[in-house]
Every structure is written in structure tokens, then in C-alpha cells.
Amino acid sequence: MAVNQENYTTILKELQDTQTTLVAVSKTKSAEDIRILYDLGQRDFGENYVQEMVDKAALLPSDIRWHFIGHLQSNKVKYIAPFVYLVHGVDSEKLLLELDKQGEKNDRVIDCLLQVHIATEETKFGFSMEELKALAERIQSGAINPGNVRIRGLMGMASFTDDMERVKSEFENLAAIFREMKKLIPSFEILSMGMSADYRIAIDSGSTMVRIGSLLFGAR
Ligand SMILES: *Cc1c(COP(=O)(O)O)cnc(C)c1O
């Protein structure tokens, strides 16, 4: 069995003191593996691929909170809109508006996080600081008024590097942006940052939600 229950217990204990939410990232892992953590009480699970999340949701208990943490294409929003708990990676206005449209169709409000590009690498998705500010202003002024999505906060990924000082400064940068935006947007409560390799640094920097996969389910 690939599930590391010992790590699960340790991580939960660490998170308890800081009231950080654990999203167990189960991408590429089986429904049986998810079930093991579910039976230990875990309810928040993160998936990266639409079809995989839809398939697993059909097999598993309905009180699981499914987090979509991957890059979401607008044309696939409709498949997860009926049940997704939180969309972490909203990285364009187009996607935000599609989530709003599908939220309305499903008669619900879809919670989401705006993904911010904090890594110095070119490859990561997300809004730049300028784009984020521009979007926040457009929402505040009512220029766009998405009633069926609720922006709950920000999500970011640090650079893929061994340089932990750099990771720390990227997380601190995101946390500062988060605090700034929280003053403007009352529904801002979630700062999703930190993965297996860097979750402790993320928590020290102010994360409220970590996304951990390989420490719980083994390497992919
Ligand atoms: C896969 C993934 C994770 C989990 O990564 P681990 O290193 O396995 O903990 C977290 N966040 C995102 C966006 C991911 O794609």
C-alpha cells in the first residue's frame, strides 16, 4: 500500500497548531488509496485533471471536498462545475467568467482562488501582480460582476529549486499580496501555498492551505 499513514498523522499534527487546511493531492492515485485517507477522516482532496476528478468523484463518498488544483481549460469547466469545492488555479478573466456562467447554470456559487505567478520561472501559470491588481479593480468597480463565483483568496507555487531562501522570499511575497488584497475584498480568507517539499516554509510565511501529494501517497 502506497499510502503513508505515519506521514499523514505527523502532518496533521503540524497543521493543527497553525490551523492550516490540508488538501491531500491524489492525482494519478487510485480511488482505493483515497479511500484509505478518507477512512482516517480526510475530506479535502486535490486533483489536477478534469476527467480523473470526475471519475473518482463518482466512485467515492459525496462528502469529499474536491479541490481542482491543476490548470483548468475553460471548455472543461462544465464537467466539474456541479460538484467542485474549490478551484485553486484561476489564471485568467476568461476562466473566471466561464466559472461564473457554469455556476449560474448549476444554480450555485463556485469558490475559487486566483493563481499568482510568484516563481521566477517562465513556465508557471498565473496572474502577474499588475494583472491581479487590474482584475481586482475591474471587480470592485463593477466592470465585471460575477455573481456565481466567489473569490476566496490566492494560490501560488514557488520555483522548483533547492534554494529554500528563494522559495521563502517567493512565499513571503505572495503572503504580502494576499494581506493587501484581503483589505479590499472581504471574501478573501484562503492562501493556498506549500507542497510536499516546501509546506513548512509556506506555513511559516502565512499559508492557510497546503497541497500535499507525494508525502502522503508516495512518489508519482
Ligand atoms: C501535484 C501538485 C501538488 C502536490 O505536489 P507534491 O510535491 O506531490 O506534494 C501541489 N500543488 C499542485 C498545483 C500540484 O500540481
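Brief remarks on what is shown
- Cα→Cβ-extended label distance, 7 Å offset, between residue 75 and residue 63, nm: 3.9
- For the peptides 177-185, 207-215, the ranking by mean Cβ contacts within 10 Å, running from highest to lowest, is 207-215, 177-185.
- Each stretch of four or more DSSP H residues adds -39500 (n - 2.57); spread over every residue of the chain, this sum gives -12500 deg cm²/dmol at 222 nm.
- Long-range amide H partners of residue 118 with built H, under 5 Å: 157
- Using the 1.4 Å probe convention, the accessible area of the chain works out to 49 Å² per residue with neighbouring protein chains retained.
- Nearest-0.05 FRET efficiency for residue 185 and residue 12, computed from C-beta distance (R0 45 Å): 0.90
- Taking amide hydrogens as placed 1.01 Å from N in the peptide plane, the amide H of residue 190 sits under 5 Å from those of 153, 154, each at least 5 positions away in sequence or on another chain.
- Here the Karplus curve 6.51 cos²θ - 1.76 cosθ + 1.60, taken at θ = phi - 60°, turns the phi angles of segment 165-177 into couplings of 5, 5, 4, 4, 5, 5, 5, 5, 4, 5, 5, 5, 4 Hz, with x standing for Gly and Pro.
- Using only side-chain charges placed at the Cβ, +1 for Lys and Arg and -1 for Asp and Glu, the dipole size of the chain relative to its Cα centre rounds to 540 debye.
- The stretch between residue 35 and residue 165 holds 43.2 nm of extra length on full extension. This uses 0.36 nm per residue minus the Cα-Cα distance.
- Take every Cα pair under 8 Å whose residues are at least 6 apart in sequence, average their separation, divide by the length of the chain, and the relative contact order is 21 percent.
- Inter-label distance, nm, simple model (7 Å from Cα along the C-beta direction), residue 131/residue 220: 2.2
- Using the Cβ-Cβ distance between residue 144 and residue 121 with R0 set to 35 Å, the FRET efficiency from 1/(1 + (r/R0)^6) comes to roughly 0.75.
The values are calculated or read from the model by the stated rules, or taken from the named source; none is laboratory data. Every value quoted in this text rests on a predicted model; they were computed, and no experiment measured them. Note that each Cβ is placed from the backbone with ideal geometry, even for glycine, and that neighbours are counted across all protein chains shown. To get the accessible areas, we keep the full protein, side chains included, count just its heavy atoms, and leave off ligands, DNA and RNA. Shrake-Rupley method; radii C 1.70, N 1.55, O 1.52, S 1.80 Å.
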